[in-house]
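So the structure is just underneath, and the comments pick up after that.
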């Protein structure tokens, strides 16, 4: 039904096909906020491998339903970055070929000792982020004995309009420390941002201003896009906030809300590790609501036992 091949780097004749697949998937998944893959992202491990999945021509697919789908060069793409026995996976199936068993069949085939995961030297487990409530993620994890190892909550708060953020006695005027040309987004969880949905990545790219909460010593990155007229969304991200009392943390994040609202943003985004009880409580107190849960799945690699 499907064919797949491993490569140390993407072959030149498949680069355009993979790019086309990812563009189609990103557009299709934009509203749901599902993750994508980034073939040209810097390697996060010691070695990398790319897996390209193709479909036989019509008439050779073993299914009338599959035969009705168009001939395309690449129906799925997977990248794995390996370090210390752990492989970080990015995986995307072309939208037209979803819910037809492609991903399930591929992962079954990858159990093969000679051609699957076990063919990659020293690979002991794989892991990957599923952004949003992706219907296949839980199903695949349960089928192949995967576990959830980490999570991040994406929370949002409407601003301006009929639901403006209003300062109260605990909010102080924001203090500008510096405004660099660009600032890397803080790491909420390991590799969480690598495959984040393109729209969310654009929001994160707006982080460009560093503020200081005057008494607690915490720092905050906030950002809007000065080139976008509507400034529809903005992102705020606490830095060096561990150890702050909740009142100071609340003041810090409130500063960010005042700034992005003043710049015209109509939505604020805050990523919260669910185990950070202080940040979670403050975000709720300031009116942030849960929009989606991003989960990181881990799967052990099965290898034949030798005697």
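The values are calculated or read from the model by the stated rules, or taken from the named source; none is laboratory data. Remember, predicted model here, so these are calculated numbers, not experimental data. In this analysis, Cβ positions are derived from the backbone assuming ideal geometry, glycine residues included, and neighbour counts consider all displayed protein chains.
Structure values in brief
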item	result
Whichever residue in the stretch 272-295 is surrounded by 22 or more Cβ atoms within 10 Å (Cβ to Cβ) and over 18 Å from the mean Cα position of the chain (by Cα) and, among such residues, is nearest to residue 35 (Cα to Cα)	288
Residue 72 being buried (at least 20 other Cβ atoms within 10 Å of the Cβ) and either in the same structural domain as residue 19 (by TED's automatic domain parsing) or over 21 Å from residue 44 (Cβ atoms) (or both)	no
Residue 31, sole failed condition from (1) within 26 Å of residue 118 (Cα to Cα); (2) part of a loop (DSSP other than H, G, I, E, B)	(1)
Given (1) touching a helix residue (DSSP H, G or I) at 6+ places or on another chain (Cβ under 6 Å); (2) surrounded by 18 or more Cβ atoms within 10 Å (Cβ to Cβ), number of the condition residue 137 does not satisfy	(1)
Selected residue [in a strand (DSSP E or B), outside the structural domain of residue 211 (by TED's automatic domain parsing), under 19 Å from the mean Cα position of the chain (by Cα) and closer than 23 Å to residue 33 by Cα] from 298, 269	298
